Amino acid sequence: MRPHTFPGRPNYESVAKGDEAERVWVLHLTKPICVAASADWEKEENVSDIQLVFAEGQNQYDRYRSLLGGRISATGTLFRAHTGHHHTKVLLIVTEIKRGNVAKRAKPAV
């Protein structure tokens, strides 16, 4: 998980040319994932970067700031980018972030 700066309003093209700087945190996955299609969104393949969205705002940024730059696992709800403020194909509304590697998935029952 690392902070990134992207160009925002008015043109979403270049901070150097006057667009506002939008600072977001991006989760960089060790292995790309595929996100299934839904009634509202198309399938996304080879997703390796996920922008994190903090519904609680500054409280969550403050809570998780010490985890920047390290390995983490995050839980929440995935959704597909649909505005100029969304800078990766898939975003995650964060429920929780923990230090360490992603937990291994349970094996299916036989």
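Annotations for the structure displayed:
- Length added when fully stretched, K17-A55, from 0.36 nm per residue minus Cα-Cα: 10.7 nm
- Using only alpha-carbon positions in region 2-99, the gyration tensor eigenvalues give semi-axes of 21, 19, 12 Å once each is multiplied by 5 and square-rooted (largest first).
- Annotation: aspartates and glutamates with alpha-carbon distance below 17 angstrom to K98 (same-chain offsets under eight excluded): E56, D62.
- Inter-part distance where region 67-103 and region 1-30 are each reduced to a Cα centre, Å: 16 Å
Any read-out appearing in this document is the output of simple, stated calculations on the displayed coordinates, not a laboratory observation. On a predicted model such as this, the values are computed, not experimentally measured, just so you know.
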